[in-house]
Amino acid sequence: MADPSSYRPKPGQIPDSPGVYKFRDEHGRVIYVGKAKSLRQRLASYFQDLAGLHPRTRTMVTTAASVEWTVVSTEVEALQLEYSWIKEFDPRFNVKYRDDKSYPYLAVTLGDEFPRVQVMRGHKQKGVRYFGPYAHAWAIRETVDLLLRVFPVRTCTSGVFRNAHRTGRPCLLGYIGKCSAPCVGRVTPEEHRELAEDFCDFMAGRTGTYIRRLEKEMTAAAEDMEYERAARLRDDIEALRRAMEKNAVVLADATDADLIAVAEDELEAAVQIFHVRGGRVRGQRGWVTDKVEAVDTAGLVEHALQQLYGEESGDAVPKEVLVPAFPDDLDAVTQWLSGRRGSQVSLRVPQRGDKRDLMETVGRNAQQSLVLHKTKRASDLTTRSRALEEIADALGLDAAPLRIECFDISHLHGEDVVASMVVFEDGLPRKSEYRRFQIRGRVGDTQVWHGQGQDDVRSMHEVVSRRFRRYLAEKERTGEWLPESGEAPASPRPADADPPAGGEADPALVEENGRPRKFAYPPQLVVVDGGRPQVAAARRALDELGIDDVAVCGLAKRLEEVWLPGEDDPVVLPRTSEGLYLLQRIRDTAHDFAIRYQRGKRGKRLRTSPLDDVPGLGEARKRALIKHFGSVKRLRQATIEQICEVPGLGRKTAEAVAVALARTAPAAPAVNTATGEIIEDDDGGTAHGRGSGHE
């Protein structure tokens, strides 16, 4: 526990101006981010007598080892920088809301040539118009089913769309009138886009105008004795009204507002948000959080506003936001919201009338959500604690393993060998620290085996060695560990080390500025997917690196036996054991993570094209070639002069294309042995079959 006086800034060193500050722990990680109108006054409040601090604040300042700050011009800039830093550093002592479940949205992909209506979850994407969130996906599908009668917008996947376009036959929805069938040219792209935009207008709340227009068209059709058309319009109007009835009117017809309510106790808080558009509740969502910092209702509201609108802009930020209490920096928050929307946003606490009544309803939902969350969490916490204690007892550990890392190897007949590492902390998965490795048969600078087929035991030795070499490299870099005299220091980056998933920089060298270092913290327990050989390999890897404070065990799939290093017999946990269940869950998570990575690598390898080997030929010109000739087969049959006709291709590149395709040409046409028919190979540009030599 650090003494705050050891890192307290000198008197007069802190400026008396707006800014954002960061507390760091002894490892350099950012553990708390805050903002202040006056940095001098705010930071001084942290360095008073510890007995006078709130217990959570006291824990934070004694965990910290340093503090730093950044001066800004205005309180709005401080609000923006605070949000950016909380998102970037994920500080452990800041309030962080998490969704109490994954909410589905009704999405319209306006960025596509033929917009599609579908259910979407997860992060929002560019070029997509979202409505919701909804409590249930079936509610979206019911609404869409009613609206497709009036707005027959495409709902099919890209594969179904391409297949219909190729065959000239629409899907079932096209036949029954619930899709305008742009795939077969029944409507032009412009007409289909107009339908999609009308659909979006209706979902955005502009319903009255559209229904009145349909009523006028129905009346005109009846007067012209076009009774069939009038009847169809009548049914369309009825369908729209049924869709509207699913969202009862709760506020005045033109009201666009979000209502935020908070329910809290000493340890946790729940937030509920109702999205009202056109006077109707169009969506609902909820968050829960641990109160890891000393924060009141106003602070919870401010954090909720930051998370809710931090990535939004335009109409996604409503004209009016109703809250249970004003944030401390009301003017700054209002100005920030208005900047996100591009026009004035009103932040209000409702006092009377329909808005007050609806806010009470939202508050009851928040209270119910908090009670349900606490009930579930109490059960989960008890179960996790019992599981960790059972693991500690079974393996003879001094304490419950709060951080467990599990490794698994995956390959297909010795090809595309990969490994996965998953991390569980306090019995819960910590997905941000999952890692994956390409196995290359090397550890450090030493070749382990040569062309004798991939071996799970050797692969396990390699991946555990690489993971803990990076841990030692990080400790050496920070000065926490120094090699003994005569001992070679751990290389900060093994020569064979593959970059982490996504091609990011080496984990052992990243995070100089406070982000969690990816290999900096050791587990108390390493679990390997396998039996005695895999366990022995992992233990040997740790012994070779001089690491003796990390326990190792293996979980064999056949009988779910737990193996320990050097033991002839396994540890058998009861089938009803919570500890065994947790180990199984960790092992299965690592297995699934490795399988997904291995399949992805294999699929990427099989999706190669003979055009990939042509120097200087980028993706744009590859697409231009395939679009011009229709397939790799037809391109292979073209002359150099014909290839030169493609815009952007010179003769030198055309010759390189011709040479590459000739090199991968099939030796002979494929023949159906049952019919004697020559099978046409129209590979359409993927070229992963006979012509590429990959099968």
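The values are calculated or read from the model by the stated rules, or taken from the named source; none is laboratory data. Please read these numbers as outputs of a predicted model, since none were measured by experiment. Counting neighbours? That spans all protein chains shown, and the Cβs are built from the backbone with ideal geometry, glycine included. When the accessible area is computed, the model is the full protein with side chains, heavy atoms only, and any ligands, DNA or RNA have been set aside. Shrake-Rupley method; radii C 1.70, N 1.55, O 1.52, S 1.80 Å.
What number of residues in the stretch 597-633 are of a type in the set (D, E, K, R), modelled with pLDDT of 75 or more and surrounded by 14 or more Cβ atoms within 10 Å (Cβ to Cβ)? If you could, list the steps in order and put the result at the bottom.
Within the stretch 597-633, the first condition is being of a type in the set (D, E, K, R), and the residues that meet it are 599, 601-602, 604-605, 607, 612-613, 619, 621-623, 627, 633.
Subsequent filtering for residues that are modelled with pLDDT of 75 or more retains 599, 601, 619, 621-623, 627, 633.
Among the residues that remain, those that are also surrounded by 14 or more Cβ atoms within 10 Å (Cβ to Cβ) are: 599, 601, 621-622, 633.
Qualifying residue count for the region: 5.
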(request) Mind listing just one residue for me: the one in the stretch 637-652 that is assigned to a helix (DSSP H, G or I) and of a type in the set (S, T, N, Q) and, of those, farthest from A624 (Cα to Cα)? (result) Q637
(message) Tally up the residues in the stretch 126-138 that are part of a loop (DSSP other than H, G, I, E, B), under 18 Å from the mean Cα position of the chain (by Cα) and under 16 Å from L308 (Cα atoms), please.
(response) 1
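Which is over 21 Å from Y105 (Cβ atoms), open to solvent by less than 40 Å² (accessible area, probe 1.4 Å) and of a type outside the set (V, I, T), of D329, D357?
On the way: D357 fails: open to solvent by less than 40 Å² (accessible area, probe 1.4 Å).
Answer to the selection: D329.
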(request) Tell me which residues, restricted to the stretch 139-155, are open to solvent by 60 Å² or more (accessible area, probe 1.4 Å) and either at pLDDT 85 or above or not in a loop (DSSP other than H, G, I, E, B) (or both). (result) R141, E142, D145
(message) Looking at the stretch 189-206, I want the residues that are at pLDDT 85 or above and have a partner that is assigned to a helix (DSSP H, G or I) and among the small types (G, A, S) with Cβ atoms under 7 Å, at least 6 apart or on another chain. Which pairs are those?
(response) none
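Conditions (1) part of a helix (DSSP H, G or I); (2) within 25 Å of A269 (Cα to Cα), marked per residue:
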| site | (1), (2) |
| --- | --- |
| V33 | no, yes |
| R42 | yes, yes |
| A51 | yes, no |
| R56 | yes, yes |
| T59 | yes, yes |
| W69 | no, no |
| Y83 | yes, yes |
| I86 | yes, yes |
| K96 | no, yes |
(request) Taking only the stretch 156-170 into account, find how many residues are open to solvent by less than 40 Å² (accessible area, probe 1.4 Å) and either part of a loop (DSSP other than H, G, I, E, B) or within 16 Å of A239 (Cβ to Cβ) (or both). (result) 2
(message) Just the residues that are open to solvent by 10 Å² or more (accessible area, probe 1.4 Å) and under 29 Å from A137 (Cβ atoms), please, taken from the stretch 291-305.
(response) H303
(request) Starting from the stretch 28-44, take each residue that is open to solvent by 20 Å² or more (accessible area, probe 1.4 Å) and list its partners that are part of a loop (DSSP other than H, G, I, E, B) and aromatic (F, W, Y), counting only C-beta distances under 9 angstrom and pairs at least six apart or across chains. (result) Y32/F93
(request) Sort out which residues of the stretch 268-287 are farther than 16 Å from D354 by Cβ, among the aliphatic types (A, V, I, L, M) and surrounded by fewer than 21 Cβ atoms within 10 Å (Cβ to Cβ), and write them in order of number. (result) I273
(message) Anything in the stretch 1-31 that is of a type in the set (A, V, I, L, M) and closer than 23 Å to D329 by Cβ? List them, or say none.
(response) I14, V20, V30, I31
(request) Output the residues belonging to the stretch 548-568 that are crowded, with 17+ Cβ neighbours inside 10 Å and over 18 Å from R585 (Cα atoms). (result) V550, A551, L564, P565
(request) List the number of the failed condition for A594; all other conditions in (1) in a helix (DSSP H, G or I); (2) free of Cβ contacts under 8 Å to residues at least 60 places away in the same chain; (3) of a type in the set (G, A, S); (4) open to solvent by less than 40 Å² (accessible area, probe 1.4 Å) hold. (result) (2)
(request) Consider only pairs whose beta carbons are under 6 Å apart and that are at least six residues apart or on different chains; among these, list those whose first residue lies in the stretch 207-235 and is open to solvent by 70 Å² or more (accessible area, probe 1.4 Å) and whose second residue is at pLDDT 80 or above. (result) R229/A221; R234/M218
(request) Spot the failing condition for V418; the list is (1) in a helix (DSSP H, G or I); (2) surrounded by 19 or more Cβ atoms within 10 Å (Cβ to Cβ); (3) β-branched (V, I, T), and only one is missed. (result) (1)
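So if I check each of L308, L347, which one is crowded, with 18+ Cβ neighbours inside 10 Å, over 29 Å from the mean Cα position of the chain (by Cα) and hydrophobic (A, V, I, L, M, F, W, C)?
Numbers: L308 fails: over 29 Å from the mean Cα position of the chain (by Cα).
Checking each option against the conditions leaves just L347.
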